[in-house]
């Protein structure tokens, strides 16, 4: 018999992994998600150590490996599409060894959790309000499809509903009140365009003055679309700020089209296709930082608690590991003390992961302000690419003693305690 009833708000990476493990620890789990069950969206993401260990323990690693994008690496191109550097997956390349589309990953995680008899998913459902009374949480839920409303009672609630979390707002206040957003000085947009033959099997990146970058990434070999990432480092763009605040997608598209119009490479075609994209997403990059991740019987997880931004490359890893840690602590303590232990155990790891490389300057190096800066970046990576090939050809690594692997360093920073999971 289930020993507690838990509501998870959000069926993303963190939410579904938490549901999977809590089910194994005999909780009755209800997961609500504002999107449709079949809706698959999002950018390419990767799974690295030690997060890989979590999905292996879930028994889904082989499945994830079979649906990876197959992106072999990245190449840096100039305005005439000449390749300056080609970087294989792993190492210094922006392409990881296990690259997946976010929608494909969340679908696998949802199905893995939904197999348990004590897990129930409700899609197109949102939380309208919640109230904590003694040892229970009263929650009003709304079905977005038919408008119906119902009130349910839970022992605990997990807010895994993203950086703009409504759960966080209910228990802590609005972002303006709690000052949880910290700008990193960048705007991004993601969307799909029609795939061309040269869009496979490597991603292609081109930089433009005023810190503008376009990154075209393959989804899968047989897909008829490819992903476009627009990255613009700027502290303030009034038109985009207003469009993002209101959620006006058309205004967002118009703002990005204006920013990238008149440039070379493949920008004319990309700008033209922005208006036609039905999966366009745009936002200003902000980290979430909170003094605490929980209040009594409600706890935050993933981007709702600590959004690190893509500049750290740690968002997906933190979501996976954090969900596992929270579920493990909830298996040991069936009350709010589990939330305190989860935060005590994981906060330092999160704070370290939120650090943007090179003391925050890495994005500015990758997105130069001038043509000279762009030429310097491209030339440096071209020389670096030659050096890597030479070292590999000459096998010079045999002259250096073996150092700690990335997996060993990650486990040293945070012990997954895999043997304690049943």
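Values in this text are rule-based calculations from the coordinates and carry no lab data. Just so we're clear, the structure is a prediction, and the values are computed from it rather than from any experiment. Glycine also receives a Cβ, built like all others from the backbone with ideal geometry; neighbour counts cover every protein chain displayed.
Placing a pseudo-label 7 Å from each Cα along the Cα-to-Cβ vector at residue 254 and residue 126 gives an inter-label distance of 2.4 nm. Pairwise Cα distances in the stretch 48-121 exceed 20 Å for 45 percent of all pairs. Size descriptors for the stretch 1-87, from the alpha-carbon set: Rg then Dmax equal 18.6, 65 Å.
Rounded to the nearest 10 degrees, the inclination of helix 371-394 to the longest alpha-carbon principal axis of the chain is 90 degrees.
Counting Cα-Cα pairs of the stretch 332-392 in 5 Å increments starting at 0 gives whole-percent bin shares of 4, 14, 12, 12, 12, 10, 9, 7, 7, 7, 6, 2. Counted residue by residue at 0.36 nm each, then reduced by the alpha carbon distance between them, the extension gain from residue 369 to residue 261 reaches 37.2 nm. When each of 88, 135 is scored by the number of other beta-carbon atoms lying within 10 Å, the sequence from fewest to most is 135, 88.
Principal axis analysis of the Cα atoms in the chain yields extents of 64, 55, 39 Å, listed in decreasing size. In terms of other Cβ atoms within 10 Å, 256, 61 run from fewest to most in the order 61, 256.
For residue 144 and residue 178, what does the FRET efficiency come to when R0 = 25 Å and r is the distance between their Cβ atoms, rounded to the nearest 0.05? Result of the calculation: an efficiency of 0.40. Centroid-to-centroid, using Cα positions, the stretch 91-126 and the stretch 298-354 are 17 Å apart.
Distance between the pseudo-spin-label points of residue 242 and residue 56 (7 Å out from Cα toward the beta carbon): 5.3 nm. A Gaussian network model of the chain, with springs between Cα atoms under 10 Å, assigns the largest mean-square fluctuation among 20, 339, 381 to 381.
FRET efficiency for the residue 37 to residue 67 pair, using the beta carbon distance and R₀ = 25 Å, is estimated at 0.90.
So how far, in whole Å, is the C-alpha centre of the stretch 154-228 from the one of the stretch 264-292? Centre-to-centre (Cα) distance: 7 Å. Computed across the stretch 11-157, the Kirkwood radius stands at 17.7 Å (inverse of mean 1/r, all Cα pairs). Note on the chain: GNM, Cα springs under 10 Å; of 272, 197, 314, the largest mean-square fluctuation is that of 197.
Label-to-label distance, residue 278 versus residue 81, with points set 7 angstrom from Cα along the beta-carbon direction: 2.8 nm. In terms of surrounding Cβ atoms within a 10 Å radius of their Cβ, 274, 365 rank from fewest to most as 365, 274.
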